[in-house]
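Values in this text are rule-based calculations from the coordinates and carry no lab data. Since this is a predicted model, take the numbers as computed values, not measurements. When we count neighbours, we look across all protein chains shown, and the Cβ atoms used for this are built from the backbone with ideal geometry, even at glycine.
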Amino acid sequence: MTAVILDGKATAAEVKEQLAARVAALAAAGMMPGLGTVLVGDDPGSRAYVAGKHRDSAQVGIASIRRELPASATQQQVEAVVDELNADPACTGYIVQLPLPPGLDALAVLHRMNPAKDADGLHPVNLGRLVLGEPGPLPATPRGIVALLRRFGVPIDGAEVTVIGRGITVGRSLGLLLTRRSENATVTLCHTGTRHLAAHTRRADIVVAAAGRPGLLTPDMVRPGAAVVDVGITRTDAGLAGDVAPEVAGVAGYLAPVPCGVGPMTRAMLLANLIDAAERQAGLATLATSQ
């Protein structure tokens, strides 16, 4: 068996075509969406990721608003930039690129953001809305995972899903998203305290690996034909490494690899969150790419 590759790069390109049409409709209504980014320090990975977001924005016609601060920036300086973007009518939504340099309180910065301008969908207020089932920006990576699975016809309704990792960016928020009635999956959330991890992954229809441990998920841990989504990214001397061992492709029915799997979808869903917000501001019906 050779897994069907869940091509996030190609799927994100399709999503961006749809988003570009929505941006054109917004422009016709007199609304130009603007994406803001706050980058503190010179982490190469963060800088590359922010640059990718602005390339995507340009492709769909969204204006870019960049704010960069040195690693020596104080908490007050970072929060002042957040206040500026909160008040800027040209900024429809923005992200504060994490992690922040040591000594800065990332949670305080996130709390200071206007939840309506949260393009990543990770503001505490928006996570609370997800818990309550209320409308709001969805966490970009989980939203991208669901969109990718649906694009390739992987059944989600009633599926047994095992998620490895309990971080807010993916693990916990994905569990909340998949257990909504619209997704209707049953989710097991595993982590470093889980006993017999393989027992959980072997019975799953869908496995999402988001632990940041290269090669964690091996072929013997996957039920033949299952869908496997690799979200873990570790930078090694040989390049990017995912949580899923390459040999899993010979067992799984579907595989979202690292790279070119979930990463491009995360950036596309961030833009979708932004355009949703712009349509709400313009009084247009929101045509969500994926919920």
Q: Run down the lysines and flag those whose C-alpha is under 24 Å from the C-alpha of Lys117, throwing out any fewer than 8 positions away in its chain.
A: Lys16, Lys53
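Once Rh is set to the Kirkwood radius over Cα pairs, what Stokes-Einstein translational diffusion coefficient, in µm²/s, holds for the range 1-94 at a temperature of 20 °C and a viscosity of 1.002 mPa s? Can you show the working numbers first?
On the way: Rh = 15.2 Å.
Rounded, D is 141 µm²/s.
Based on the Cα atoms of the range 122-262, what semi-axes does the equivalent ellipsoid have, where each is the square root of 5 times one gyration tensor eigenvalue, given in whole Å with the largest first? Intermediate values should be presented prior to the final figure.
Values: eigenvalues 108, 56, 41 Å².
Largest first, the range 122-262 gives 23, 17, 14 Å.
What's the Cα-based Rg to Rh of the range 36-172, Rh via Kirkwood?
Working: Rg = 16.2 Å, Rh = 16.4 Å.
Result for the range 36-172 is an Rg/Rh of 0.99.
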Q: Using only Cα atoms, tell me the angle between helix 262-282 and the longest principal axis of the chain; keep it within 0 to 90° and round to the nearest 10.
A: 40
Q) With springs only between Cα atoms under 10 Å, which of Leu217, Leu107, Leu39 fluctuates most in a Gaussian network model of the chain? A) Leu107
Q: Report the residue, chosen from Ala277, Ala119, Ala245, that carries the largest GNM mean-square fluctuation when the chain is represented by alpha-carbon nodes joined by springs under 10 Å.
A: Ala245
**Q.** Burial ranking of peptide ranges 162-169, 186-193 (average Cβ count within 10 Å, highest at the top)
**A.** 162-169, 186-193
Q: Mind telling me which of Pro135, Pro246, Pro33 comes out most flexible in a GNM of the chain, alpha-carbon contacts under 10 Å?
A: Pro135
Q) Pairing the Cα long axis of helix 75-87 with the longest principal axis of the chain, what angle in degrees results, from 0 to 90 and rounded to the nearest 10? A) 80
Q) Any idea how far apart Arg181 and Asp157 come out in nm if each label point goes 7 Å out from Cα toward Cβ? A) 1.3
**Q.** Mean-position separation - Cα centroids, the range 35-66 and the range 97-175, in angstrom
**A.** 19
Q | Taking only Cα atoms of the range 192-291, radius of gyration then Dmax in Å | A | 16.9, 52
Q) Can you tell me the Rg and Dmax of the chain, counting just the alpha carbons, in angstroms? A) 18.8, 56
Q: Calculate the radius of gyration of the Cα atoms of the range 9-50 to one decimal place, then report Dmax, the largest Cα-Cα distance, as a whole number, both in Å.
A: 14.5, 39
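Gain in length, Glu84 to Glu247, computed as 0.36 nm per residue apart minus the alpha-carbon separation, to one decimal in nm?
Working: separation 163, 0.36 × 163 = 58.68 nm, distance 4.84 nm.
My answer for the length gained is 53.8 nm.
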